[in-house]
Amino acid sequence: MKYINSAILVIAVLLFSNLTAAAQESETKVVDEVVAQVNEGVVTLSQIKREMNEVIESFVKEGKTPEAARTEVEAKQGELIAGIINEELLIQKGKDLGIEADVDAQINGRFLEIMKQQNIKTLDALYKAMEATNVDPQSIREMWRKQITRDMVMQREVSSKIYFGLSAKEIKAYYETNKAKFTKPEMIGISEIFLGFAGRDEAAVREKAKQLVTQLRGGADFAKLAAENSDRPNVKETKGKVGTINIKELDRTFAEPLKNVKVGGISEPVELPEGIEILRVDERTNASAESVFNEEEVRKALAYEKLPEEQKKFMTTLRQDAYIKISEAYRPLVSPILFADERKAEVKKSEK
């Protein structure tokens, strides 16, 4: 899946383009105030308005009118503030766990991947390129910091504990009860040649992709052409091989062009925002109704099923162990949403 996921990094930057600047331009100047105190941290009115404006801008990009977008976001202000408070708790938990270095490493890795994709040699050059399109690198860095910290805390404190905490007895019992979930899926093996648009005439890249497809369908050596033409950084080692993927997990962008391609066949060029993919089908394995016990797959499925409830419990514990004080003006709007799970638990206790 690497060839699919790598595109996401560039797309994330493109989608964020102009968002921060637009939010700052449209934000009315207000006297800041503390809406909530969360342990030693605070949630301010300016932070809330900034995030509301960012959501509004994203809705507008999706096609909604500014008025409709603002009305929808303002109606959900309580949910937004509750989300910011929960996020602050996760960020603080990340600091307690000492994961800052790991988070920074992932952020730097994302920037490095974009540099490779766009053929940019230095971080300063990448920053200048981003700024030239009104993208603030520091805003991107901060956005990623929050995302990665949230994900890493949940992974360490919830997901991994569920996954590794399951007993062999639980796993076997779950399999016996849910055998229909564990049939053999349809699998597809893929190789790729990626031609990037960065620093090139896009029309010329498209023409080159067509020529490569013609050569490959004429019997040319795929590994050789991949090594000579693909812009993937590790192509000399991989020879263009991506691996074997469950058809159901294959993004539609790629699933459709590959739908009728037989083993050994070459797809039509698949255009992405950052370049063009040429795909070869290396193998196909048909699905089967036969149930197969694979401990890792069963463990993953059971852990995934338990995850939502365990995440709720984890967040409830974080809130219970924290000092959270919401200002009088916002408490009626936020508290029923923020502490909804705790109140449900109290009702269940009282009913017993």
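Computed from the alpha carbon positions, the gyration tensor of the range 49-130 leads to an equivalent ellipsoid with semi-axes of 31, 23, 8 Å, biggest first.
Across the chain, C-alpha contacts under 8 Å between residues 6 or more apart give a mean separation that, scaled by the residue count, equals a relative contact order of 24 percent.
With a cut-off of 8 Å between alpha carbons and a minimum separation of six or more residues, what is the relative contact order of the range 146-287 in percent? Let's see the in-between values first.
On the way: 169 pairs, mean separation 49.8, N = 142.
Worked out over the range 146-287, it gives 35 percent.
For the range 196-332, the Cα-based Rg and Dmax, in that order, read 23.6, 73 Å. Three principal axis extents describe the C-alpha atoms of the range 170-224; from largest down they are 57, 29, 17 Å.
Helices in the chain, meaning DSSP H runs of at least 4 residues, each add -39500 (n - 2.57). Divided by all residues, the mean residue ellipticity at 222 nm is -19000 deg cm²/dmol. Residues of the range 176-208 with an amide N closer than 14 Å to a point placed 7 Å from the Cα of residue 125 along the Cα-to-Cβ direction: 198-200.
With only alpha-carbon atoms in the gyration tensor, what are the semi-axes of the equivalent ellipsoid for the range 210-270, in Å, largest first? Kindly include the intermediate steps, with their values, before the conclusion.
Details: eigenvalues 80, 49, 21 Å².
Semi-axes (√(5λ), whole Å): 20, 16, 10.
The protection proxy used here, the mean number of other Cβ atoms lying within 10 Å of each residue, ranks peptides 35-44, 313-322 as follows, highest first: 35-44, 313-322.
Could you sort 256-263, 46-53 so that the peptide with the highest average Cβ count within 10 Å comes first and the rest follow in order? Please report the intermediate quantities before stating the final value.
Details: 256-263: 12.4, 46-53: 17.4.
Ranking the peptides 256-263, 46-53 by packing returns 46-53, 256-263.
Give me log10 I(q)/I(0) at q = 0.16, 0.18, 0.19 Å⁻¹ for the range 111-209, Debye formula, one equal scatterer per alpha-carbon, no solvent. Results for the range 111-209 at q = 0.16, 0.18, 0.19 Å⁻¹ read -0.93, -0.99, -1.03.
A compact globular protein would have a Cα radius of gyration near 2.2 N^0.38 Å; the ratio found for the range 114-158 is 1.47. Per residue, the convex hull spanned by the Cα atoms of the chain measures out at 197 cubic angstrom. With both labels modelled 7 Å from their Cα along Cα-to-Cβ, the residue 335 to residue 300 distance reads 4.4 nm. If you wrap the range 299-348 in the convex hull of its Cα atoms and look at it from every side, the mean projected area works out to 4.5 nm².
Read-outs throughout are calculated quantities, based only on the coordinates presented, and are distinct from any laboratory measurement. All values derive from a computational prediction rather than experimental measurement. Here Cβ is always computed from backbone atoms with ideal geometry, including for glycine, and neighbour counts include all displayed protein chains.
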